[in-house]
Amino acid sequence: MELSVKGIVRRFGPVTALGGVDLDVAEGEFLTILGPSGSGKTTLLKTVAGFEIPDEGRVLLGGEDVTLAPPRRRDVGMVFQNYALFPHMSVAQNVAFPLEMRRRPRDEVKRRVIEALRLVELEGYGDRLPRQLSGGQQQRVALARAVVFGPRLLLLDEPFGALDRKLRESLQLEVRRLQRQLRLTTLFITHDQEEALIMSDRIAVMDKGRIEQVGAPGDLYAHPATRFVADFLGESNLLDGSASAGHAAIPGFGAVPLPAGQPDGGVTLLLRPEALRIAADAAAMPCRGQGKVLETVFLGQSAKLRMALDGGGEVLARLPLRPSDPPPAREGETVAVGFAPEDLHVVPRG
Amino acid sequence: MRRRRVSQILLGLFAGLVFLFLLLPLAVVFPISLSSASYLQFPPPGFSWQWYQRYLDDPSWIDATIRSVKVASLCTVLAMGLGVPLTFFLVRSRLPGVRVLDRLAAAPIIVPTIILSIALYGVFARLQLIGEWYGVAVAHTVLALPFVVILVSAGLRGFDEAQEQAAAGLGASWPAIIWRVTLPQLRPSLVSAAFLSFISSFDELVLAMFLSGASMTLPKKMFDNIMMEIDPTIAAVSVLQILLVAVALGLTSLFGRGALTTTITR
Ligand SMILES: Nc1ncnc2c1ncn2[C@@H]1O[C@H](COP(=O)(O)OP(=O)(O)OP(=O)(O)O)[C@@H](O)[C@H]1O
Ligand SMILES: [Mg+2]
């Protein structure tokens, strides 16, 4: 493992920012830490970078214990949310800074600065001051500065937080391309689940100073281990019911079959909105109910419906739309709704 | 829109009046320094360079000028050398009680200079520092330190500490961070502080009267000149002094873009 975090605890007075975090990142892997505000993402990143010393636990970089090592001994490149470029230095001087601190010879510095600026497509911007660049360009300078010295690990703390959506999307792809090209082990922070799904090899979902689950994006989406993960990643219907003899009684849908081996008792079931069908399409579905449409939202390639089920409770349905399709239902209308049982996922720690 | 125009004109008029008030002494002193009369008379009866000539020919004036430049320079170096690290401590330290110390740093401005002079006279007499130019410089440092602390702490408070973290993460040691990242961005504050330290010493009379003894600084020499023989030499010296300050001010704005203005408004 390139990076291993073992049992990290960090308290600020009464607040426990990190309550025992374990995490492994493989060489060349892009791992995203996803979590709501205040969940401890930045604190974890700062612990890895060396700006925070944990109360308990260890940080290993390439097998070496660096828990107490100062930041400059760790060879870690970091991009801050607000870029933290040096405003009094030109773009080239900013990018050269980590090389100069490592006392690289002057011609090597020059060559590598040019290379790094080319890598982020900012050739010819070397003489400008940071304030003469747009937000996206500043972000790319920060990125060039963080990778120019060939760090063992790249840390990115919500690097696109301040950018508009279009720019965000193009930078997401650019960062991913750069990361693959340089085979950089990367720890990326975001609270945007869509961003996490797009960019990551694996995602670690964090809540209240703990890691809830780690896994590949598709895996987390389809098989969330906890209610929090199911809710935080994508849109979800979480249905509470009680299991007996391989079936669960769910208000509004009656008894639905469960995967084999499910013990009796209370269960939480995850049903993604896109698994639901309504009206005529629902007829072919094994599990069916009926509900009143409370609200419809047109989203272009799909429509989102909020429905009140006849047996009680609400569900969210997402229905694919072709350009020629009429609106799937009107608000206030009562329609059939159904799904296939294989689309149900039992949330283990509901 | 009209309202705004009127208020702008009024503001301009006000500023003009204040400037006139500030420049009025110069408008009197400058003509007198070129007077042909041998006593202070305004307006002067005729033109002559004689008072400048007299200043240049009199070694006691030149000595006093050189001494004052030396005193002010040493005072600036000492005030900056002590004041900048002190300010870092006052702004950055999380020790309890530092906030009180922060206020105390302004004490020399509040204590009447004459009290300070008497106190320092006692100390300096015992140390046999009376009449030594560097003794005066040390005393002036006490007066200059508050300027340094006030100006530099304003700059330091406006500085984004995340940059120091970024620099550390990029491999910089503490000295490198301070020297390459923090201090360059404090340059306007530093230049302003150095300028004010220099001027406060160069222009200082009360401490110099008590401590400089026979080896006079320029303000002391001017004071003595007025007491003994009132002639327009003093006007010529004043004009030269003003020119020197103007040059220093020019250098300040050259090396500390935004110095003396941004540090305070930021
Ligand atoms: N220096 C500090 N002093 C006191 N409390 C702190 C400090 N740093 C973080 N905390 C607390 O620790 C918790 C986690 O903070 P952290 O900054 O790691 O969250 P985050 O997940 O990065 O949130 P965000 O998405 O808002 O940036 C918060 O409750 C925060 O208030
Ligand atoms: Mg954060």
In whole Å, how far is the Cα centre of the range B:72-128 from that of the range A:241-293?
-> 78
Förster-model FRET efficiency, 30 Å R0, B:Tyr134 and B:Ser253, C-beta, rounded to 0.05 = 0.50
DSSP H helices in chain A with Cα extent of 15 Å or more along the helix axis and mean Kyte-Doolittle hydropathy at least -0.5?
-> A:91-101, A:135-147
Could you check which residue among A:Thr186, A:Thr32, A:Thr43 shows the biggest mean-square fluctuation in a GNM of chain A with a 10 Å Cα cutoff?
-> A:Thr43
In whole angstrom, the spacing between the Cα centers of the range A:1-64 and the range B:1-64 equals 68
Gap separating the Cα centres of the range B:203-223 and the range A:81-125, nearest whole Å | 53
Accessible solvent surface per residue of the range B:66-264, calculated while the other protein chains remain in place, 1.4 angstrom probe, Å² | 48
Given 0.36 nm per residue, what is the gain on full extension from B:Arg94 to B:Ile114 after removing their alpha carbon distance, in nm?
-> 3.7 nm
For the range A:67-126: rounded, prolate or oblate by the Cα gyration tensor [a/c cutoff 1.5] | oblate
Chain pair A, B: total accessible area buried, heavy atoms, 1.4 Å probe, Å² | 1600
Please find, in a Gaussian network model of chain A (springs between Cα atoms separated by less than 10 Å), the residue of A:Val109, A:Val214, A:Val147 whose mean-square fluctuation is greatest.
-> A:Val109
Heads up, I need the accessible area for A:Asp65: 1.4 angstrom probe, whole protein in place, Å², nearest 10.
-> 80
Note on the range A:3-231, DSSP bridge orientation, antiparallel percent to nearest 5 equals 55
Other residues with Cβ under 10 Å from the Cβ of A:Arg10 give, with Lys and Arg +1 and Asp and Glu -1, a net charge of -1
Over chain A, what is the relative contact order in whole percent, taking alpha-carbon pairs under 8 Å and six or more residues apart?
-> 16
Points 7 angstrom from Cα along the Cβ direction at B:Phe14 and A:Gln301: gap in nanometres?
-> 6.2
Highest-fluctuation residue, A:Glu121, A:Glu195, A:Glu333 considered, GNM on chain A with Cα pairs under 10 Å = A:Glu333
Could you give the length gained on full extension between B:Ser173 and B:Ile242, defined as 0.36 nm per residue of separation minus the Cα-Cα distance, in nm?
-> 20.5 nm
Between beta-carbons, use under 15 Å as the cut-off and find the net charge around B:Ala172, counting Lys and Arg +1, Asp and Glu -1.
-> +4
Which entries in A:Lys6/A:Lys208; A:Lys41/A:Lys110; A:Lys46/A:Lys110 show an alpha-carbon gap greater than 24 Å?
-> A:Lys41/A:Lys110; A:Lys46/A:Lys110
Excluding residues fewer than 8 positions from A:Lys292 in its own chain, the lysines with Cα under 27 Å of it are A:Lys304
Assuming a ≥ b ≥ c are the square roots of the Cα gyration tensor eigenvalues, decide whether chain B counts as rounded (a/c under 1.5), prolate (otherwise, with a/b larger than b/c) or oblate.
-> oblate
Using label points projected 7 Å from each Cα along Cα→Cβ, tell me how many nm separate A:Leu173 and B:Val6, to one decimal.
-> 5.9
In degrees from 0 to 90, rounded to the nearest 10, what is the angle of the helix B:2-33 Cα long axis to the longest principal axis of chain B?
-> 50
Accessible-area loss of at least 40 Å² (1.4 Å probe, chain alone to full protein assembly) applies in the range B:151-193 to B:Gln163, B:Gln165, B:Ala166, B:Gly169, B:Leu170, B:Gly171, B:Arg180, B:Gln185
Lysines within cross-link reach of B:Lys220: Cα-Cα under 29 Å, excluding same-chain residues under 8 positions apart?
-> B:Lys70
Assuming a ≥ b ≥ c are the square roots of the Cα gyration tensor eigenvalues, decide whether the protein assembly as shown counts as rounded (a/c under 1.5), prolate (otherwise, with a/b larger than b/c) or oblate.
-> prolate
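The values are calculated or read from the model by the stated rules, or taken from the named source; none is laboratory data. The structure displayed is predicted, hence computed values, not measured ones. Cβ coordinates were reconstructed from backbone atoms using ideal geometry, including for glycine residues, and neighbour counts include every protein chain displayed. These area figures cover heavy atoms from the full protein model, side chains too; ligands, DNA and RNA do not enter into them. Shrake-Rupley method; radii C 1.70, N 1.55, O 1.52, S 1.80 Å.
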